[in-house]
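**Student:** Questions regarding the structure given below will be posed in turn.
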Amino acid sequence: MRNSMKKNILAACGLLFCSSLLHAQTTDEVRIDFENQDYQAIGVYDTWLKSPFRSHDGQPATLQGNVQVVSNIDKNYDDVLKSTPNASDKVLGFQRSRYGSNTFGARIDLKQPFALTKETKYVHVMIHKPKAGRTMLIGLGKRTDRPGQSADTEQFWEFSTKEIEPNKWVDAVFPVKGAGGIDIHSLVVVVDCEDSNGLKDDFLAYIDNIVVNNEAFTTTNREDYPMNYNKDQKCTRTDRGLKGISLGNQSIAVYGDISSSTPAYTYLSKRAFWAKPGETLTPAVQYKGIWMHSYVYVDLNNNGRFEPKVEAGQIVPDAGNELMAYSFLSASDENSGFNSAGTEISGNGRNTLSMPAFTLPDTLQHGFYRMRYKVDWNSSDAGGSIETNNHIINNGGGAMDIRLNVHGDNVTITQGALNGKVVAADDTELNNLSIPFGQPFTIKMKPEHGFNFNGLRVRHGYNLTGDSLSHGTYQYVDELVPRERFNEDGTFTLPAEMIDGDVSLEGIFIDAKTTLTYEVYFNNKFVYSTAVNGAKTGAVTIPESLNRDFVELSSDTQTVTSLPATVRINAMWTGPMKVATATDTTWYNLKVSSQPKWVSSRTYAPNVYFIDQSDTDKDAALWALTGDPYSGFHLINKAVGPTHVLASASPKGSGNAGGFTFATLESASELPIGYTSGWFLNVSPNDEAGFYICNPEGYGLNYRANNNLAYWTGGKDGGSTFVPTEVKKTSTGISSLTLQQDATTTYDLTGRSVGKNHRGIVIRNGKKLLIK
């Protein structure tokens with residue numbers, strides 16, 4: 001708060017700081033606009049006791065005014081909201097003074113007080129201001145059981161639920177509640193509650209349409225793809241909830257069950273369903289519960305909003321409708337309605353989540369589009385019904401957003417780099433070469449004379465030279481392929497998920513003359529390399545980047561006498577869980593250290609969960625470790641076998657919201673798109689005999705209260721610490737994952753089946769072949 005005042009300013013408005021007149025009776029609803037004087041008085045207020053806007057020792061305030069009813073300065077139509085946010089003729093003008101504190105605001109005294117109860121109420125205030133910054137509401141009032149208490153007592157300070165956009169009318173929402181028995185007589189709207197020491201000049205802000213009600217959502221939601229409730233909202237029911245979505249034979253199971261911490265909105269930002277222009281598609285939801293309806297939207301014009309065009313329960317033809325499919329809609333009489341195919345439904349037939357197929361426009365351009373699945377009751381609103389008696393959250397509804405990849409049969413691949421180039425496996429130049437969509441493609445690095453390659457940058461998607469995000473929807477993704485993932489001949493197979501649009505490659509080539517290459521060997525097998533450009537001769541210093549938890553490093557070479565050179569680094573594993581070799585596999589029980597629970601497998605989703613100690617002798621509770629600490633370890637289960645590995649998608653959300661991204665046993669040869677199965681074991685400070693199991697992004701698996709193996713994205717602790725106990729050994733080791741393949745099928749290097757004429761390096765009859 002400001003501690004001194006350099007000079008006075010004249011009050012631009014004629015009204016002084018005022019006080020409330022007390023009323024014995026409260027009102028259930030407050031509505032104030034400034035067209036009519038439906039308030040008791042207006043003025044200013046500052047919580048800072050030394051503020052020049054407060055009276056001192058019986059003397060009037062040094063500064064007065066700063067608030068007055070004026071004409072509305074912005075009655076413009078909002079193209080995003082598709083409406084005029086504030087059409088009032090008169091509003092409250094407020095001069096935010098640089099001499100007020102960070103809680104200086106416009107005070108509105110109410111004609112009748114309202115009760116501050118234990119149940120949350122929401123105060124809506126339309127605010128228009130020229131600068132961004134936090135906004136606060138202060139409630140002044142008194143307890144009903146304290147007759148001598150001043151009605152100017154501060155009963156609450158609340159920030160708005162969302163940040164206020166500058167230079168627009170914004171419906172700021174403030175959640176308020178108290179212990180009960182409190183009457184609020186005045187509201188103080190603090191339009192800018194930042195420290196005024198950085199404020200060089202006063203500015204004008206405007207206030208209008210104050211409403212107290214039970215609605216938590218803002219009426220001016222300009223965010224991309226808004227929901228009518230907070231996107232952090234959790235499910236309030238466990239008997240109902242949206243668990244997963246599908247499109248034809250493409251399916252994503254997101255939540256194994258519904259609990260009070262399951263999100264009511266999920267954005268699968270890196271996942272996508274695939275479709276072609278003009279294709280007929282059948283959507284469906286995986287839902288726990290009955291007597292609800294399902295809806296699917298596609299943002300066909302990519303403007304950041306879903307725009308349904310329906311009347312009387314049916315789609316309006318040729319109106320740019322983006323509500324593609326729904327199981328039921330009724331105009332007014334809920335006893336009868338239609339689905340999106342125009343079929344009439346009534347009575348018990350309304351208990352349906354089954355949506356008819358829909359057809360994408362055949363003129364739709366290739367690209368990524370936002371798609372929404374929503375479960376609701378009889379509502380075409382993409383943000384969800386928020387009617388008092390038909391609220392999507394109270395009904396157990398929810399929504400999931402995902403990308404829709406609208407593609408053709410082929411995409412283009414190109415390359416660009418200095419000191420070398422990237423070509424196809426058969427040396428074909430990659431100059432906007434047309435290749436099949438969604439099929440793995442093998443490339444080869446060709447450094448110029450005197451250069452080596454040290455990796456590859458891959459950009460894949462659409463509009464590769466533009467912005468990667470369109471209204472929060474990824475249009476392309478950049479990935480780095482390190483040198484160690486390449487084969488010895490310099491080839492690498494771009495997996496199918498990287499051929500999800502056009503592809504741009506940039507080879508990373510370095511000067512071989514001054515290159516020192518470190519090759520890491522684990523169990524006498526090459527696993528990793530890194531190159532240092534501009535190296536010098538002399539004693540070998542192992543780079544910090546080669547350090548891993550539970551690994552001791554040593555070098556066979558002590559000095560480098562000339563360049564270029566290669567130094568072999570030996571990595572010895574010291575972790576509490578042995579790594580399986582070709583002749584020896586050790587099986588373990590894995591216990592989470594903070595709970596008497598052990599990790600096990602089962603046959604239904606999610607197929608990894610926790611058990612009590614009584615069942616730890618069964619094969620389902622036995623785990624082995626394969627792989628290495630550089631490319632990642634695989635965890636396999638004895639009951640399921642080595643063809644399946646522990647895998648997961650990247651955790652969704654922030655805080656502990658990753659708790660519904662499960663780690664499950666998946667086929668090693670057919671991992672779902674976006675899944676990883678390479679884990680890193682990190683030292684845990686919670687138990688020296690244990691470790692964290694982390695994905696490549698550093699998130700640790702965790703014991704979750706619903707007995708599942710998931711994430712805790714808020715950090716790692718005892719619930720993320722796993723302690724292994726050796727159980728038994730087998731003489732037949734597992735040196736690598738074994739893919740079950742038949743002699744008549746041809747596979748690419750990712751393990752996916754391909755046609756017999758597929759070009760590139762393939763596997764047939766257990767042998768590698770190069771088909772040109």
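**Student:** Let a ≥ b ≥ c be the square roots of the eigenvalues of the Cα gyration tensor of region 241-406; is it rounded (a/c under 1.5), or, if not, prolate (a/b larger than b/c) or oblate?
**Tutor:** Oblate, because a/c is 1.5 or more while a/b does not exceed b/c.
**Student:** Find how much the distance from Leu49 to Asn390 grows on full extension, using 0.36 nm per residue of separation minus their present alpha carbon separation; answer in nm with one decimal. Before the final figure, lay out each step's value.
**Tutor:** Values: separation 341, 0.36 × 341 = 122.76 nm, distance 4.67 nm.
Net length gain for the segment: 118.1 nm.
**Student:** Suppose every K and R has +1 on its Cβ and every D and E has -1 on its Cβ; what is the size of the dipole of region 410-511 about the Cα centre, in Debye to the nearest 20? Can you show the working numbers first?
**Tutor:** On the way: 7 positive and 15 negative charges, 10 e Å.
The dipole magnitude comes to about 40 debye.
**Student:** Say the dipole of the chain comes from +1 at the beta carbon of Lys and Arg and -1 at that of Asp and Glu; which of Thr713, Asn301, Ala179 then lies farthest toward its positive end?
**Tutor:** Final value for the positive-end residue is Thr713.
**Student:** Could you tell me which residue out of Val551, Tyr521, Ala535 lies farthest along the dipole of region 516-573 toward its positive end? Charges go on the beta carbon: Lys and Arg +1, Asp and Glu -1, centred on the Cα centre.
**Tutor:** Going by the Cα projections, it comes out as Ala535.
**Student:** Once Rh is set to the Kirkwood radius over Cα pairs, what Stokes-Einstein translational diffusion coefficient, in µm²/s, holds for region 30-213 at a temperature of 4 °C and a viscosity of 1.567 mPa s?
**Tutor:** Details: Rh = 16.8 Å.
Taking Rh from Cα pairs, D becomes 77 µm²/s.
**Student:** Taking a 26 Å limit on the Cα-Cα distance, which of the listed pairs Lys525/Lys716; Lys177/Lys243; Lys234/Lys716; Lys90/Lys111; Lys111/Lys234; Lys162/Lys716 fall beyond it? Kindly include the intermediate steps, with their values, before the conclusion.
**Tutor:** Numbers: Lys525/Lys716 32 Å; Lys177/Lys243 33 Å; Lys234/Lys716 22 Å; Lys90/Lys111 19 Å; Lys111/Lys234 37 Å; Lys162/Lys716 29 Å.
Result: Lys525/Lys716; Lys177/Lys243; Lys111/Lys234; Lys162/Lys716 exceed 26 Å.
**Student:** Could you tell me the distance between the Cα centroids of region 688-713 and region 531-606, to the nearest Å?
**Tutor:** First find each Cα centre; the distance between them is then 20 Å.
**Student:** Find which of Gly398, Val69, Ile693 sits farthest along the positive direction of the dipole of the chain, computed with +1 on the beta-carbon of Lys and Arg, -1 on that of Asp and Glu, about the Cα centre.
**Tutor:** Ile693
**Student:** What is the Cα centroid distance between region 108-169 and region 374-418, reported in whole angstrom?
**Tutor:** The two parts, judged by their Cα centres, are 35 Å apart.
**Student:** Where Rh denotes the Kirkwood radius from the mean inverse Cα pair distance, what is Rg over Rh for the chain? Don't skip to the answer; put the middle values down first.
**Tutor:** Values: Rg = 32.1 Å, Rh = 30.8 Å.
When Rh is taken as the Kirkwood radius, the ratio is 1.04.
**Student:** Sticking with this one: Treating only the Cβ atoms of Lys and Arg (+1) and Asp and Glu (-1) as charged, compute the dipole magnitude of region 113-227 about its Cα centre; round to the nearest 20 debye.
**Tutor:** Details: 13 positive and 18 negative charges, 55 e Å.
Value, rounded to 20: 260 debye.
**Student:** About its Cα centre, what dipole magnitude does the chain give when the only charges are +1 on Lys and Arg Cβ and -1 on Asp and Glu Cβ, stated in debye to the nearest 20?
**Tutor:** Numbers: 72 positive and 83 negative charges, 251 e Å.
Computed charge dipole of the chain: roughly 1200 debye.
**Student:** Something else now. In nm, what is the difference between 0.36 nm times the number of residues separating Ala639 and Ser554 and their Cα-Cα distance? Show your work: numbers first, answer last.
**Tutor:** Details: separation 85, 0.36 × 85 = 30.60 nm, distance 3.72 nm.
So the chain would gain 26.9 nm between Ala639 and Ser554.
**Student:** Can you sort Tyr295, Tyr604, Tyr609 from fewest to most other Cβ atoms within 10 Å of each residue's own Cβ? Before the final figure, lay out the partial values.
**Tutor:** Details: Tyr295 30, Tyr604 7, Tyr609 21.
With the fewest neighbours first, Tyr295, Tyr604, Tyr609 line up as Tyr604, Tyr609, Tyr295.
**Student:** Loop only by DSSP, 15 or fewer other Cβ within 10 Å of the Cβ. Give me the GluC sites (Glu not before Pro) in region 346-451 that pass, ordered by residue number.
**Tutor:** Details: sites: Glu387, Glu429, Glu448; in loops: Glu448.
Passing both the DSSP loop test and the Cβ count: Glu448.
**Student:** Next up: When ranked by the protection proxy of mean other Cβ atoms within 10 Å per residue, highest first, what sequence do the peptides 430-438, 500-508 form? Could the numbers behind the result be given before it?
**Tutor:** Numbers: 430-438: 15.2, 500-508: 22.0.
Packing order, densest peptide first, comes out as 500-508, 430-438.
Just so you know, all these numbers are worked out from the coordinates, no wet-lab data involved. What you see is a predicted model; the values in this text were computed from it and never measured. Heads up, the Cβs are rebuilt from the backbone with ideal geometry, glycines too, and the neighbour counts pull from every protein chain shown.
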